1. Explain nothing, just the number: relative contact order of the chain, from Cα pairs under 8 Å at least 6 residues apart, as a whole percent.
2. Where nothing but the Cβ of Lys and Arg (+1) and of Asp and Glu (-1) is charged, how large is the charge dipole of the chain around its Cα centre, in debye to the nearest 20?
3. Between 44, 182, 16, whose Cα lies farthest towards the positive end of the dipole of the stretch 2-188 when Lys and Arg beta carbons carry +1 and Asp and Glu beta carbons carry -1, centred on the Cα centre?
4. Find how much the distance from residue 161 to residue 20 grows on full extension, using 0.36 nm per residue of separation minus their present alpha carbon separation; answer in nm with one decimal.
5. Which of the following values of mean projected area of the Cα convex hull in nm² was calculated from the structure shown: [x] 10.7; [y] 13.2; [z] 12.0?
6. I'd like the orientation of helix 60-72 relative to the chain: the angle between its Cα long axis and the longest Cα principal axis, in ° from 0 to 90, rounded to 10.
7. Please list, in order along the stretch 24-38, the HN-Hα scalar couplings obtained from phi with the Karplus expression 6.51 cos²θ - 1.76 cosθ + 1.60 (θ = phi - 60°), rounded to whole Hz, x for Gly and Pro.
8. To the nearest Å, what is the center-to-center distance of the stretch 80-153 and the stretch 4-78, using C-alpha atoms only?
Amino acid sequence: MIVTQVSLQTPLSDMFIFLIPLWSGFFLVGASAFTAAYSRLLGLRGGQTATVILRNFLGIPLFFYGFVMAFAAPSPFLFTPVTATAVIGWLLIAVGSIPFFWGHFIIGRPTHMPSVGDALVRHSLYAYVRHPIYSGGLVMLAGLSFVWPKLTFVIASISGFVWLFIQAKVEEIDLLQRMPDYREYMKEVHSRFLPGFGKRS
């Protein structure tokens with residue numbers, strides 16, 4: 001009850017201001033996913049540099065800050081956190097972290113510093129889904145919402161969920177230009193996120 005009273009007295013502008021850095025960060029990371037186009041305009045090194053700056057130095061820090069603001073924002077809980085929901089949340093985070101970190105390890109440097117010279121990865125997790133890192137991120141976001149079910153944080157997590165779907169599609173536009181064999185790979189590995197689900201997407 002106290003939480004609800006506090007939240008009702010909080011201006012909406014204060015409660016939802018986290019959306020500015022969050023969505024700005026998402027936009028900048030999305031804008032980073034055009035390495036091929038930047039490389040045509042700025043040269044190979046310039047294209048890679050533009051991608052790294054937009055993604056690593058602007059986009060990711062901004063949306064991470066947005067999540068922190070959402071975590072700390074004065075807003076009500078959608079449900080009272082209890083041990084059971086916390087256990088579910090942490091299990092989801094643990095499960096999601098496996099493909100998230102494993103996918104980074106498999107790709108290596110190109111994950112954060114892509115270039116037009118990158119080779120297509122088709123083995124390990126990438127033999128089953130095209131975006132295992134994002135698959136893990138989706139599961140982790142669901143888990144975080146169970147662990148900290150504040151209205152603002154759940155909205156941030158849902159925003160991240162939607163953004164990952166959009167980001168995967170945007171990145172594939174660039175991948176088709178940077179890696180000629182990516183189109184054939186899409187036919188072989190039909191699903192972006194879940195193995196065995198869907199036809200070509």
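Each value in this text was obtained by applying a stated rule to the coordinates, not by laboratory testing. Owing to the predicted nature of the structure, the values given are computational and were not obtained by experimental measurement. All Cβ positions, glycine included, derive from the backbone under ideal geometry; neighbour counts span all protein chains shown.
1. On the way: 291 pairs, mean separation 51.3, N = 201.
Relative contact order, the chain: 26 percent.
2. Working: 14 positive and 8 negative charges, 79 e Å.
The dipole of the chain has a size of about 380 debye.
3. 44
4. Values: separation 141, 0.36 × 141 = 50.76 nm, distance 1.67 nm.
Additional length available on full extension: 49.1 nm.
5. Label [z] holds the value from this structure.
6. That helix lies at roughly 20 degrees to the long axis.
7. Computed from phi, the couplings for the stretch 24-38 are 5, x, 4, 4, 5, 5, x, 5, 6, 7, 9, 4, 4, 5, 5 Hz.
8. 18
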